[in-house]
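Just so you know, all these numbers are worked out from the coordinates, no wet-lab data involved. The shown structure was predicted, so the numbers you read here are calculated from the model rather than taken from an experiment. Cβ placement follows ideal geometry from the backbone for every residue including glycine, while neighbour counts extend to all protein chains displayed.
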Amino acid sequence: MSNKLLKILAVVLILLLAVFFIAKKIGLIQNRNAIEVAVDKVSKRTIIEKVGTNGKIYPSKEVKLSVEVPGEVTKILIEEGDSVQKGDLLLVLNPSTYSTSVSRANAAYNQSLSNLSTAKARNSSAKAQYIIIEKDYNRKMQLLNNKIISSSEFDLVESQYYTALGEKEAASQSVQAAEFAIESAKASLKEANEVLGKTKVYAPMSGIVSKLNVELGEKVVGTAQMIGTELITIADLNNMELLVDVGENDVLRISVGDSAEIEVDAYLDDKFTGVVSHIAYSSNQGFDQQITKFQVKIKLLASSYKHLVKPAEGHKFPFRPGLSATADIFTNRKENILTVPIQSVTKREDENGKNERQVVYLVKDNYTKEVKVETGLQDSEFIEITSNLSENAAVVSAPFKAISKELEDSLQVSVIAEEDLFKGK
């Protein structure tokens with residue numbers, strides 16, 4: 001074979017090898033053992049951090065009414081669903097027993113007034129008698145000093161004087177006792193009237209009768225003896241709030257004033273807005289509960305459900321107490337920040353199982369590059385990267401198994417479209 005032909009073959013071989021390495025370099029020729037991955041771009045996005053939770057809708061202001069005295073219900077002046085104003089009479093118990101007590105207390109009060117009049121008359125008589133005897137006592141003492149009368153005669157006058165003095169003081173004390181008796185009788189009469197007044201139940205606030213738990217003729221228990229019978233619930237349905245339980249890991253991220261997006265099970269096609277109005281300082285954990293939760297109140301904004309208020313169609317109040325709902329509470333928002341898909345971030349340890357680090361895997365020329373990163377805010381899809389990445393870099397976004405366990409630095413991979421990644425599996 002001539003040298004010229006050998007040179008030509010050598011050049012062709014070199015060219016073929018060059019083409020092979022270039023093709024392999026740019027991914028036209030793949031290693032069958034290379035891990036197939038999908039990539040996404042490191043991009044700038046807006047991330048809204050939120051806490052998801054669920055609960056029940058209740059009125060912001062609700063009053064449950066009971067009576068303080070037991071009795072039989074003789075009048076019910078309202079029905080469930082009625083609108084009432086503050087001060088309206090709602091319900092009456094049989095007052096006969098308590099009217100008798102008022103009459104008895106009134107009689108005792110009048111008797112004490114009469115006793116006072118008698119005591120005052122006796123006091124006046126005792127004072128008048130004492131004045132007469134006192135003058136005679138002073139006159140007889142003067143005669144005794146002048147030795148006109150004997151000591152025995154003066155002793156009789158002196159005895160009469162001290163008797164009259166005692167009568168005067170006793171009469172005065174009787175007046176005071178009668179006055180005290182009047183005060184006691186007056187207090188008893190007032191108390192009896194107050195008890196009689198408690199047989200009538202009035203509306204403490206304006207609102208809607210959301211619950212009526214009593215029937216005409218029913219005998220109810222008063223709160224003076226025990227818990228008492230819950231008779232009526234009045235609610236302000238113009239102001240509603242969602243009560244939710246939030247776990248201890250999330251509650252510290254929530255602040256009063258945070259906005260929320262609310263979905264009510266009864267209105268699947270609507271989304272409503274709300275604002276966090278209260279965060280409990282103490283947990284509602286029971287002794288038998290393993291998870292600590294805190295109650296959070298979210299006020300529903302009337303402007304977000306005004307389209308549901310249709311008085312002409314009987315829908316003045318679209319929400320009823322106890323409706324189920326879910327809420328996303330927006331706790332933070334950042335715009336134009338560097339982000340990657342949340343599944344792209346994983347953790348790795350040194351060979352000795354220590355020094356855990358947070359990393360992502362970039363892909364360039366079909367080889368991975370492990371990059372240690374620091375993260376920030378995140379939502380359900382993306383997470384903020386605060387260090388070591390540049391915009392538009394290709395980062396491995398799938399499959400999760402490869403990201404979490406298989407990828408390492410300088411590993412050859414095969415990049416394919418994400419929709420083709422799981423075909424045939």
Checklist outcome for this item: With +1 at each Lys and Arg Cβ and -1 at each Asp and Glu Cβ, the charge dipole magnitude of segment 121-276 around its Cα centre, to the nearest 20 debye, comes out at 1880
Next on the checklist: So if each residue of separation counts as 0.36 nm, and I subtract the Cα-Cα distance between Ala417 and Glu218, what length gain in nm does that give?
Outcome noted: 64.3 nm
Item to check | Percent of C-alpha pairs per 10 Å bin, segment 281-418, short to long | outcome: 9, 26, 20, 18, 16, 9, 2, 0
Checklist entry - If the chain between Leu143 and Ser206 were fully stretched, how many nm would it gain, using 0.36 nm times the residue separation less the Cα-Cα distance? => result 14.2 nm
Checklist entry - In nm, to one decimal, how far is the modelled label at Gln173 from the one at Leu113, with both set 7 Å along Cα→Cβ? => result 2.8
Checklist entry - Over the Cα atoms of the chain, what Rg and Dmax result, in angstrom? => result 46.8, 188
Checklist outcome for this item: The FRET efficiency for Ser283 and Asn54, from their Cβ-Cβ distance with R0 = 25 Å and rounded to 0.05, is 0.90
Checklist outcome for this item: Tilt, helix 96-145 to longest principal axis of the chain (alpha-carbon atoms), in degrees rounded to tens, equals 40
Item to check | Pair-distance profile P(r), taking every C-alpha pair of segment 97-197, with 5 angstrom steps and integer % | outcome: 2, 14, 15, 12, 10, 9, 8, 7, 6, 5, 4, 3, 2, 1, 0
Item to check | Selection from Leu268, Pro311, Thr292 lying farthest towards where the dipole of segment 254-337 points positive, charges on Cβ | outcome: Pro311
Item to check | Within straight-line cross-link reach of Lys306, aspartates and glutamates at Cα separation under 13 Å, skipping those fewer than 8 residues along the same chain | outcome: Asp270
Next on the checklist: Checking the table Lys75/Lys186; Lys41/Lys423; Lys198/Lys219; Lys61/Lys211; Lys127/Lys186 against a 20 Å threshold on Cα-Cα, which pairs fail?
Outcome noted: Lys75/Lys186; Lys41/Lys423; Lys127/Lys186
Checklist outcome for this item: Straight-line reach check, Lys44, cutoff 22 Å on alpha carbons, 8 or more apart in-chain or any other chain, hits among lysines -> Lys334, Lys364, Lys369, Lys372
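Arranged from highest to lowest average of other beta-carbon atoms within 10 Å per residue, in what order do the peptides 77-86, 271-280 appear? Intermediate results must be reported in sequence, preceding the final value.
Values: 77-86: 12.9, 271-280: 17.4.
The most tightly packed comes first, giving 271-280, 77-86.
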Checklist outcome for this item: Measuring from the longest principal axis of the C-alpha atoms of the chain, the long axis of helix 151-197 (C-alpha) lies at a number of degrees, nearest 10, equal to 30
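Give me the percent of Cα-Cα pairs in segment 347-417 that sit more than 19 Å apart, rounded to a whole number.
I get 35 percent for the Cα pairs in segment 347-417 exceeding 19 Å.
Given the DSSP H assignment, sum -39500 (n - 2.57) over each helix run of at least 4 residues in the chain and divide by its residue total; what's the result at 222 nm in deg cm²/dmol, nearest 500?
Details: 5 runs with 129 residues, N = 425.
Estimated from H runs of four or more residues: -11000 deg cm²/dmol.
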Item to check | Neighbour net charge for Leu144 - beta-carbon separation under 12 angstrom, K R +1, D E -1 | outcome: 0
Checklist outcome for this item: Taking a straight Cα-to-Cα line shorter than 16 Å from Lys316, and setting aside same-chain aspartates and glutamates fewer than 8 residues away, one finds Glu80, Asp82, Asp236
Checklist entry - Antiparallel as a % of all DSSP beta bridges within the chain, to the nearest 5? => result 95
Item to check | Cα long-axis angle, helix 3-26 against the chain (0 to 90 degrees, to the nearest 10) | outcome: 10
